[in-house]
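Reviewing the structure listed below.
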Amino acid sequence: MSTERFDCHYCKDSLLGKKYIMKEDTQYCTKCYENLFANCCAECSTPISCDCKDLSYKDRHWHEQCFKCAKCSRSLAEKAFAVKDDLLLCTECYANDYSSKCHTCKTTIMPGSRKMEYKGNSWHETCFLCHRCQQPIGTKSFIPKDSGYFCVSCFEKQFAYQCCACKKAITTGGVTYQDKPWHRECFLCISCRKQLSGQRFTSRENYTYCLDCFSNLYAKKCVGCTKPITSLAGAKYISFEERQWHSECFTCMQCAMSLVGRGFLTQRDNILCTDCGREK
């Protein structure tokens, strides 16, 4: 009666009663397996046998006893570690040699912990505080001022100008008129409420007006066309006996000839050129 053979796929030695290893449905004796497939330890350069744990990181392999900190030789198996220039380091050694120090408390910022970085300095997240309220700023917006850092709310309370219209802080832009600050959207014509920022305007009794509203409210009216006369827009006008005309409206009542720079006659409320006046 014959028995079925069970041999090492590589050396053909019988595996009956011996330890063997299966790889891709093929059996190997431990010696052949190690010669063919075992990884080489990155620390001691010897194969990692089947009886040892094979610890790996980024295509490199170590015996369990070889997987240790390159500086203090502490085992790194099942512990956090860091890599610097292909050297394995425990977090303490890495932090002491390479991690940044907190600008506030001066202690090491351990790898993996949350931190804040700004202009070459680093902080523990819990050490980066608003200079005014002393609360951690965290991931919120902040504003540097002198040698301190402020959350937006504290900066507005301590440093920002307040709009003289709405009394709220002006954080960006704004308009200054007569040494007083406004938000652009608050700097309005007192009459029509149109924004005046970037527009020509004037003021009367400390109130600001757009040119149209000021003209309609305060400018004298042209005798000829009855529309306002204002010099704010550069318009030229003629004044005579408390009456005013736009230059283009100062014409003879009868023949419509321009009287600018010419002699003229008056007939009751009318003005006439000298020719039309003589005819009368």
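The values are calculated or read from the model by the stated rules, or taken from the named source; none is laboratory data. Predicted, not measured: the structure shown is a model, and the values here were computed from it. Cβ placement follows ideal geometry from the backbone for every residue including glycine, while neighbour counts extend to all protein chains displayed. Just so you know, the surface numbers come from the protein's heavy atoms only, side chains and all, with ligands and any DNA or RNA stripped out. Shrake-Rupley method; radii C 1.70, N 1.55, O 1.52, S 1.80 Å.
Does Ser45 meet the test of being on the phi > 0 side of the Ramachandran plot, modelled with pLDDT of 80 or more and of a type in the set (S, T, N, Q)?
Details: on the phi > 0 side of the Ramachandran plot: yes; modelled with pLDDT of 80 or more: yes; of a type in the set (S, T, N, Q): yes.
In short, yes.
Of all residues being within 25 Å of Phe250 (Cβ to Cβ) and among the small types (Gly, Ala, Ser) in segment 191-223, which is surrounded by the fewest Cβ atoms within 10 Å (Cβ to Cβ)? Just the residue, please.
Ala219
Identify all residues within segment 73-131 that are among the β-branched types (Val, Ile, Thr) and within 30 Å of Glu156 (Cα to Cα); write none if there are none.
We begin by selecting, within segment 73-131, every residue among the β-branched types (Val, Ile, Thr); these are 83, 91, 104, 107-109, 126.
Once the filter is applied, which keeps residues that are among the β-branched types (Val, Ile, Thr) and within 30 Å of Glu156 (Cα to Cα), segment 73-131 yields Thr104, Thr126.
Might you check whether a residue that is among the charged types (D, E, K, R), modelled with pLDDT of 80 or more and open to solvent by 80 Å² or more (accessible area, probe 1.4 Å) occurs anywhere in segment 245-257?
Yes, that holds for at least one residue.
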